[in-house]
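Notes follow the structure.
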There are 2 protein chains.
Amino acid sequence: MAKVSIDLNMKRVTNDNFVEKAKKLEPKLLEKQVKPIKIVSIGDDGKVEPRADIGELDRISLKKGDSLVLDFGDHQVGYVSLKLKSVGSPQDAPAYLRLKFGEVPKEIKENSEEYNGWISRGWIQEEYIHVDVLPAWLHLPRRYAFRFLEIYAVDTSVKFQVVVEEVVCRAVSAVDMENIEPFSASDPVLRQMDKVSLRTLQNCMQSVFEDGPKRDRRLWLGDLRLQALANYATFQENELVKRCMYLFAGLTREDGAIGACLFTEPEYLVDDTFMFDYSLLFLSALKEYYEATNDKETVEELWPSAYRQIELSRMCFDERNVVSEEAGDSCFVDWKEGLNKQASAQAIYIYVLKDAIAMANAFGQEKLAAKLEEERKRCVSAALDYFWDEKQGVFVSGEKRQISYASQVWMILAGVKAGEEARMLLDRIVELKPEMSMVTPYMNHHFVEALNLCGEKEKAIDYMKYYWGGMLLQGADTFWELYNPDNPQESPYGSSAVNSHCHAWSCTPSYLLRKLTNEE
Amino acid sequence: MAKVSIDLNMKRVTNDNFVEKAKKLEPKLLEKQVKPIKIVSIGDDGKVEPRADIGELDRISLKKGDSLVLDFGDHQVGYVSLKLKSVGSPQDAPAYLRLKFGEVPKEIKENSEEYNGWISRGWIQEEYIHVDVLPAWLHLPRRYAFRFLEIYAVDTSVKFQVVVEEVVCRAVSAVDMENIEPFSASDPVLRQMDKVSLRTLQNCMQSVFEDGPKRDRRLWLGDLRLQALANYATFQENELVKRCMYLFAGLTREDGAIGACLFTEPEYLVDDTFMFDYSLLFLSALKEYYEATNDKETVEELWPSAYRQIELSRMCFDERNVVSEEAGDSCFVDWKEGLNKQASAQAIYIYVLKDAIAMANAFGQEKLAAKLEEERKRCVSAALDYFWDEKQGVFVSGEKRQISYASQVWMILAGVKAGEEARMLLDRIVELKPEMSMVTPYMNHHFVEALNLCGEKEKAIDYMKYYWGGMLLQGADTFWELYNPDNPQESPYGSSAVNSHCHAWSCTPSYLLRKLTNEE
């Protein structure tokens, strides 16, 4: 179980001006009516087999214990209505149905009674519903993320059976796929990867950039930054990025710390979870927003909030300019169990300093830029002194000098190693196959960015075909929150039943592919 | 498992005039806001212990696995709303709650997963509900019958807990208790018996006379007749009886047979279940309605429908004037497993003939009355020839000459044995303690009527104290569908989880007590 942050005494401050701006930018969601395209069977192994033509639907009657699975053809996010009737003798008891929504087939087969993970079972998209009077349209009030819907008759009675006449999903998103130029490539895998990335991003773009429409359905900073990058390269719904940036800056801890995540319901509220890396990366997200939009007014207004994160993070450094182990512990970096994040924390701080320097220069704050540049150099030097293992030729992290992908990747992105040296470091870590691998598309995204930075465009694309392509081979319609090629069923929560299979931070191939090929 | 009637080819006829009249008589339900009075604990034995003052409610926070039980002080039928909030860190997952409604405490402790009865598990009043955003008012759309409500947190998250701030029930009934004169008696048991009977009747009086507000929530003829009797003696909401009579007469089988039960939703519809005794007793119910209301217009209009039941039932008699075994099998009489009902069927036909003769005379149809009187005599004579066992001094039923309470009771009510002979017959059957006892208040009602007919008023009251009083000793707030003093947990459905504990046919003590004491 991961560390869960709870701070009941946390004091929040609100910048009403920022929150007001964010509210005005709330998008009107686009709606699309989607119907199932097939009736299927799902085996215990998750294998999907066709069962009947969708036109047969109203000829299937469900008695106690019967079920059917509908396939909506692609990942959907929306509100579902079912038109139900009874057949046989008059309906002499409530129809008792279980509805189960699955982003991937195996969710349908997982027994939620046996769920024993550490996050809430409430995330499993399963409803038990009594329908007292048939025929009826059953309008489910909750939003679901799914491709498959199982309708299971827990009980009817010996006198009647239930027939599902029609099922409709009112799919919602802030953006439409219509205007997107698909990534053009001769390789069908890359085209498919782009398509699935775009769908992932589209279905996460709701009232805010959500991390996952199944779970957690809210705004996380780490996800936002990657979503924003993919959005600039595709949908260009930049007002939604602006809205989210104002929310993060408008709702902070008393000391100005930007939260790792925000709730938008029942009211806008910053969570009591703070992560060293996520708070800092608000600055990088702001810089990237500026590069994409040239919206100087917004960026100038939000700059003090971003810069405040540097001031707060600076307190975690000792006199040697080495970040504390605690700061490392409060980083996200990756879901890899046992990963030591101290070196990553040092590198991320340097990475963000670099962006801060660029911003300060852009806004004519040369003095600040110079001061930050000095700090950056001190931190780089400390990174080389304290985290570089000359003998092994890799960065190490923590007291036990742990070797991981994450440390190398972030040190390279931070520019602590660069050029040929960095390129060789990446080769070395791949060859070493450290136990501390990468399990999230979030971390893998940064690995691909590092390859690109080292000029390894071909390797980067090959790696994407291995990693995101691995999910495609598993039938992904949208990219997953977590994918470990060595253990595709891995979950950070103790059970894959609550994994999110359409996850914001996994949508970056659309961005990476365009970037890797544009620069060629 | 009882025989379930299914006739998919049944042809229905509708008398639009009758149905129109019934629709116009639909009552406007009275509403009353009821709040829980106590927080309690229920032991595995169903014992209720106080847990906390109701004022403590919003100080109890529910984390995963926690629950609380609210006691509403009396049996309620209505719609429930819960005001919920979260405490702790922000609500980072849906709150997943199970709500369980119990008419009696042990329903709360029964595990519905283990339910294995032959009627639908859908009757168990249990809901699984996800609440995505707290605080919220949760308005449950279904109607429940209950005194106890358990709120169980299936899951929250490690970050937040759920608090139930307030629970309100909008209780509904066609009648109000305000205007009822309670039964006056020095014996507190009799006063309590009257109170519980009245509550039973009140909570079954909805848009129609329901058999039970938990289950089946619809109009059954056998229940209606007894409810009407209790209603005449108490609430006197006679228009509701009239409405139900028009419904039964307006919606029949093609041959004019009146059904055992009617649905009122989604439209008025007669079920495909027909019972020899129930169809016939429509005539007795009509006679009793006439006696109570003197509403000649209605009774004359419905008389042909009632008389048609005699014509149809007559076809089940052979040349000896003995009813067929099949007719017996299609009687309800009682839920007693293994009961042979041939003798009861013969007796009930004679009983109804007697009422038909009285009606024919009342409406000046002397020729018909005389013809029916001759038939009655033939049937009585056949009853004595074929069902009376001279040696044992009891009526027997079926090929195996089964001895039961039911046969004696109905033969006495039919007047086949009368006076001292009938009185001694009742004594004899009580002494014999036949295996074929009585398990429903419906059958026990007729036993008490038989005692009264034989002048045994004191025995009748003593018996009521033993039988309905037995339910009072078990804590009944309303009288139950089934009560076997030798096995209080008995169920006709394979599990008491679906038993109805507020059941129409059990409400007659209010009528019987007034009748037994008035005539003294």
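Values for this structure:
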| item | result |
| --- | --- |
| Yes/no for A:E319 being assigned by TED's automatic domain parsing to the domain that holds A:E375, in a helix (DSSP H, G or I) and open to solvent by 30 Å² or more (accessible area, probe 1.4 Å) | no |
| Lone unmet requirement of (1) modelled with pLDDT under 95; (2) touching a Pro at 6+ places or on another chain (Cβ under 7 Å); (3) away from every other protein chain (no Cβ under 13 Å) for A:I54 | (1) |
| Qualifying residue in the stretch A:455-473 (condition: assigned to a helix (DSSP H, G or I) and closer than 20 Å to A:G328 by Cα) | no |
| Residue match in the stretch A:173-194 (condition: of a type in the set (S, T, Y), away from chain B (no Cβ under 14 Å) and closer than 27 Å to A:V48 by Cβ) | yes |
| Conditions (1) open to solvent by 10 Å² or more (accessible area, probe 1.4 Å); (2) modelled with pLDDT of 95 or more; (3) part of a loop (DSSP other than H, G, I, E, B); number of the one not met by A:I180 | (2) |
| Failed item, numbered, when A:S157 is tested on (1) in a loop (DSSP other than H, G, I, E, B); (2) in contact (Cβ under 8 Å) with a residue 60 or more places away in the chain; (3) over 30 Å from B:T273 (Cβ atoms) | (3) |
| Of all residues making up the stretch A:191-238, the number that are within 27 Å of B:D92 (Cβ to Cβ), of a type in the set (D, E, K, R) and open to solvent by 10 Å² or more (accessible area, probe 1.4 Å) | 6 |
| Every pair of residues 6+ apart whose Cβ atoms lie under 6 Å, when the first sits in the stretch A:50-73 and is under 15 Å from A:L97 (Cα atoms) while the second is charged (D, E, K, R) | A:K64/A:D155; A:S67/A:E150; A:V69/A:E150 |
| Of all residues in the stretch A:15-55 being within 30 Å of A:T252 (Cα to Cα) and assigned to a loop (DSSP other than H, G, I, E, B), the one that is most open to solvent (accessible area, probe 1.4 Å) | A:K28 |
| Any hit, the stretch A:479-499, residues being touching a strand residue (DSSP E or B) at 6+ places or on another chain (Cβ under 6 Å), open to solvent by less than 40 Å² (accessible area, probe 1.4 Å) and under 18 Å from A:W123 (Cβ atoms) | no |
| Some residue of the stretch A:130-138 being more than 8 Å from chain B (Cβ to nearest Cβ) and either more than 30 Å from B:F274 (Cβ to Cβ) or without any contact (Cβ under 8 Å) to a residue 12 or more places away in the chain (or both) | yes |
| Candidate set from the stretch A:102-122 (those that are crowded, with 22+ Cβ neighbours inside 10 Å and within 12 Å of chain B (Cβ to nearest Cβ)); member that is farthest from B:I6 (Cα to Cα) | A:I119 |
| Residues of the stretch B:269-278 classified as away from every other protein chain (no Cβ under 12 Å) and open to solvent by 10 Å² or more (accessible area, probe 1.4 Å), total | 3 |
| Filtered residues of the stretch B:59-96 (kept if of a type in the set (A, V, I, L, M, F, W, C) and within 10 Å of chain A (Cβ to nearest Cβ)) | B:V87, B:A93, B:A95 |
| In the stretch A:253-267, the residues that are surrounded by fewer than 18 Cβ atoms within 10 Å (Cβ to Cβ) and within 11 Å of chain B (Cβ to nearest Cβ) | A:E265, A:P266, A:E267 |
| Subset of the stretch B:77-129 [assigned to a helix (DSSP H, G or I) and touching a residue at least 40 places away in the same chain (Cβ under 8 Å)] | B:P105, B:K106, B:E107, B:I108, B:K109, B:S112, B:R121, B:W123 |
| Out of A:Q402, A:Q365, sole residue that is over 26 Å from the mean Cα position of the chain (by Cα) and under 23 Å from A:V299 (Cβ atoms) | A:Q365 |
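The values are calculated or read from the model by the stated rules, or taken from the named source; none is laboratory data. None of these values were measured; they are calculated from a predicted model. No Cβ is skipped: glycine too gets one built from the backbone with ideal geometry, and neighbour counts run over all protein chains shown. The area values use the complete protein model at the heavy-atom level, side chains included, leaving out ligands, DNA and RNA. Shrake-Rupley method; radii C 1.70, N 1.55, O 1.52, S 1.80 Å.
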